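This report concerns only the one structure given below.
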Amino acid sequence: MTSYLLAGGGTAGHVNPLLAVADALRERDSAAEVLVLGTAEGLESRLVPERGYELLIVDKVPFPRRPNRQALAFPGRFRRAIAQVRAHIREHGVDVVVGFGGYASAPAYVAARREKIPFVVHEANARPGLANVLGARWAAAVGVAFAGTPLRGGEVVGMPLRREVIGLDRVGSRAEAAAAFGLDPEKPVLLAFGGSLGAQRLNDALADSWRDVLDAGWQLLHVTGERSDLPDPGAEGYALRRYVDRMDLAFALADLIVSRSGSATVSEVSALGIPALYVPYSVGNGEQRLNAGSAVAAGAAQLLDDETFTGDAVRATVIPLLHDRARIARMAAAAEHVGTRTGTENVIALIDRAVGTPN
């Protein structure tokens, strides 16, 4: 029996691919022990137990960004976190560690190396995080979601995706999806969303331009995010939702997407072959713009600037595209060759290879 320890968490971008791999490992071998390492504060503290996995806790120890009191305490706290992971590895007889980034991964990599067991790194963003930069130096295998990710030894494996996305038949599900959102399956649909919390910039722009979308002969499915108070005009052809728990149906209906370009979003949209207009979030280290790079280079997507994305920008850039069905068709054809639905299998292939690799 193989014992796997999957490390990661903090955000959905780390937790969701981790759970996709965990599910596939468990399905492949019901006798295998699949454990998850995370912090008590991260999203994993809720999602992992809900999925039926044991969550082993490690202290959250952020890398210091500037010299201060926390920086002085960091070495001791990090040593403690490594010791915690080593104890978990020994207690459960772990054979291989798989890290997905986040606070839990860095001590997991060091602990695995000191316990002389192999570990695998998966990086979801085009710009890698510090934990994975560290881990890639000694990893038995390194997988990246996007080509060009600057990570030592990185192999492009894609993103482990949710099962409902991997198995989605967009054509076969379109009628069901249209009924779910009260839209016409025969008319094209623009899907706009900004992630689970929404995106104020996108919401404001579409609040000012939704009539133009409808006047162009399109319908609009607008997922505003749970915190949004954007009023629903109740117009025919405009489906406004705060939250959608069946994003697979939203994707089935989408002929074009306007969204942020988080790694999971780009990976799912690319895997499904949907053309997109990405508005990268301007806060952070610029990874959202990089995440969309391969889709843009292939002609499957276009980048729009967040700071200037307004109703006028929608009228100047999005509406002309809605009238150009030939261009959208070309983008859709290019999109079919950008993404992959086999990210989970590809990561598991790295793990299988690593198990036979001495560390």
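The values are calculated or read from the model by the stated rules, or taken from the named source; none is laboratory data. Remember, it's a predicted structure, so these values are computed and weren't measured experimentally. FYI the Cβ positions are ideal-geometry reconstructions off the backbone, even for glycines, and counts take in every protein chain you see. These accessible areas exclude ligands, DNA and RNA; they are computed on the full protein's heavy atoms, side chains included. Shrake-Rupley method; radii C 1.70, N 1.55, O 1.52, S 1.80 Å.
Could you pull out the residue among Gly286, Gly299 that is on the phi > 0 side of the Ramachandran plot and either within 18 Å of the chain's Cα centre (by Cα) or among the aromatic types (Phe, Trp, Tyr) (or both)? Exactly one residue qualifies, and that residue is Gly286.
Does Val269 qualify as being at negative phi, open to solvent by less than 10 Å² (accessible area, probe 1.4 Å) and touching a Leu at 6+ places or on another chain (Cβ under 7 Å)? Spelling it out, it is not the case that Val269 is at negative phi, open to solvent by less than 10 Å² (accessible area, probe 1.4 Å) and touching a Leu at 6+ places or on another chain (Cβ under 7 Å). Here Ala297 meets each of (1) more than 19 Å from Gly225 (Cβ to Cβ); (2) of a type in the set (A, V, I, L, M); (3) surrounded by 20 or more Cβ atoms within 10 Å (Cβ to Cβ) with one exception, condition (3).
Residues that are open to solvent by less than 30 Å² (accessible area, probe 1.4 Å), assigned to a loop (DSSP other than H, G, I, E, B) and at pLDDT 95 or above within the stretch 174-223 comprise Leu183, Pro188, Ala216, Trp218, listed in sequence order.
Counting only residues that are in a strand (DSSP E or B) and open to solvent by 10 Å² or more (accessible area, probe 1.4 Å), the stretch 1-39 holds 3 of them. Kindly indicate the residue of the stretch 304-332 that is open to solvent by 50 Å² or more (accessible area, probe 1.4 Å) and hydrophobic (A, V, I, L, M, F, W, C) and also farthest from Arg28 (Cα to Cα) among those meeting that condition. Among residues in the stretch 304-332 that are open to solvent by 50 Å² or more (accessible area, probe 1.4 Å) and hydrophobic (A, V, I, L, M, F, W, C), the one farthest from Arg28 (Cα to Cα) is Ala316.
Restricting attention to the stretch 90-105, the residues that are out of contact with any helix residue (DSSP H, G or I) (no Cβ under 8 Å at 6 or more places or on another chain) and aromatic (Phe, Trp, Tyr) total 0.
For the stretch 160-173, the count of residues that are open to solvent by 70 Å² or more (accessible area, probe 1.4 Å) and among the acidic types (Asp, Glu) is nonzero. Within the stretch 40-87, the set of residues being among the small types (Gly, Ala, Ser), farther than 22 Å from Arg113 by Cα and open to solvent by less than 60 Å² (accessible area, probe 1.4 Å) comprises Gly42, Ser45, Gly52, Ala71, Ala73. When we screen Val165, Val156, Val144, Val171 for residues that are of a type in the set (Val, Ile, Thr) and in contact with a Lys or Arg (Cβ under 9 Å, 6 or more places away or on another chain), the only hit is Val165.
Are any residues in the stretch 46-89 in contact (Cβ under 8 Å) with a residue 24 or more places away in the chain and either among the polar types (S, T, N, Q) or in contact with an Asp or Glu (Cβ under 7 Å, 6 or more places away or on another chain) (or both), and if so, which ones? Those that are in contact (Cβ under 8 Å) with a residue 24 or more places away in the chain and either among the polar types (S, T, N, Q) or in contact with an Asp or Glu (Cβ under 7 Å, 6 or more places away or on another chain) (or both): Lys60, Ala81, Gln84, Arg86, Ile89.
Val157 - would you say it is over 16 Å from Ala22 (Cα atoms), crowded, with 19+ Cβ neighbours inside 10 Å, among the aliphatic types (A, V, I, L, M) and modelled with pLDDT of 95 or more? In short, yes. Residue selection: Arg46 satisfies the criterion of being basic (Lys, Arg), out of contact with any strand residue (DSSP E or B) (no Cβ under 7 Å at 6 or more places or on another chain) and either at pLDDT below 95 or within 18 Å of Gly129 (Cα to Cα) (or both).
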